[in-house]
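Novice: Please see the structure below; I have some questions.
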Amino acid sequence: MIDGLLLDIGGVLTLDGAALTGAIDAVAELQRRDLPLRFLTNTSKRPRQAVLDELVDLGFSLQAEQLITAPIAVKQLLQQQHLRPFIISTPALLDDFADIDTDNPNAVVVFDAAEGFCYQVLDAAFQVLQQGAPLIAVGGNRYYQSGGSLHLDAGPFVKALEYAADVEAQIIGKPAATFFISVAQSMGCDPANTLMVGDDIDGDVLGAQAACLQAALVKTGKYRSGDEQRVDQQATMVLDTIADLPARL
């Protein structure tokens, strides 16, 4: 039984700024069924509003409150714990953190900084971590799909800081179990009856299943041949594309 749906965005609904074939119609059909639905992303290169605007411009039907981005979850944590972060990110994402005090940092937060992952920045973060500051990161993704190939995501740089400073990062976003569970519960759904749909075998599928959610793997985006062999195929829905989802529910 499926009471609620969590849909990954990049690689499932969109790729390189375009909607994947059948994705817009599939989302429209799911919205018509009145199932609780949230759109999840670890994307941290752009502010939340830019992600929402792109989806709407592409023709997807969603409300602002249905979009859950990991950076906003990080911001809520910073505010709750009164942390002053040293932020590693793209310049664009800083718009979401304009009202956060970053003077005399007592935490390190790692987003996807792309070209911003340089020695000087990582070493500055290392200096803060040596003072006992916590390390917070959006996801642990090793790579992402763009332009027909895979590219390094933030995960490898988080691992480098963990190794250098001998600390363990607190992961906010996928694949953290607390992230999946909190989003499901925010919809009023039992996590065990909530389906996570994604293209990332580790961050989406195995992460959701570890949190006791149900999961579906789509063969688009960062999916690689053989990924489905890593899961219990009786317990995991495998779809060629998101367009196949409505008929399987």
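Rule-based calculations on the coordinates, nothing more; no lab input. In this text the structure is predicted, and so the values were computed from the model without any measurement. Note: ideal-geometry Cβ built from the backbone for every residue, glycine included; neighbour counts use all protein chains shown.
Novice: What is the calculated FRET efficiency for Met1 to Asp101, with r their C-beta to C-beta distance and R₀ = 35 Å, to the nearest 0.05?
Specialist: E between Met1 and Asp101, to the nearest 0.05, is 0.15.
Novice: I would also like to ask the following. Starting from the coordinates of the alpha-carbon atoms of segment 71-172, obtain the Kirkwood hydrodynamic radius over all distinct pairs and give the value in Å to one decimal.
Specialist: 13.8
Novice: Which of the helices in the chain meet the span-like rule: DSSP H, Cα axial reach of 27 Å or more, Kyte-Doolittle mean at least 1.0?
Specialist: Span-like helices in the chain: none at all.
Novice: Then there is this: Please get the size of the charge dipole for segment 71-172, origin at its Cα centre, with Cβ charges of +1 on Lys and Arg and -1 on Asp and Glu, quoted in debye to the nearest 20.
Specialist: The dipole of segment 71-172 has a size of about 180 debye.
Novice: Could you state the orientation-averaged shadow area of the convex hull built on the Cα atoms of segment 139-249, in nm² to one decimal?
Specialist: Orientation-averaged projected area of the Cα hull: 7.9 nm².
Novice: Per the Kirkwood treatment, what hydrodynamic radius in Å, one decimal, follows for the chain from the mean inverse distance over all distinct Cα pairs?
Specialist: About 18.5 Å, per the Kirkwood formula over Cα pairs.
Novice: Still on this structure: What's the extension gain from Gln49 to Gln79 if we count 0.36 nm per residue and subtract their Cα-Cα distance?
Specialist: 8.8 nm
Novice: Any idea how far apart Ser146 and Lys219 come out in nm if each label point goes 7 Å out from Cα toward Cβ?
Specialist: Each label point lies 7 Å from its Cα, and together they span 2.7 nm.
Novice: With an 8 Å cut-off on Cα pairs and a minimum separation of 6 or more residues, tell me the relative contact order of the chain in percent.
Specialist: After rounding, I find 22 percent.
Novice: Still on this structure: Points 7 angstrom from Cα along the Cβ direction at Arg230 and Cys118: gap in nanometres?
Specialist: Spacing of the two 7 Å Cα→Cβ label points: 3.3 nm.
Novice: State the extension gain, in nm to one decimal, for the chain segment bounded by Gln185 and Gln170, taking 0.36 nm per residue of separation less the distance between their alpha-carbons.
Specialist: 3.3 nm
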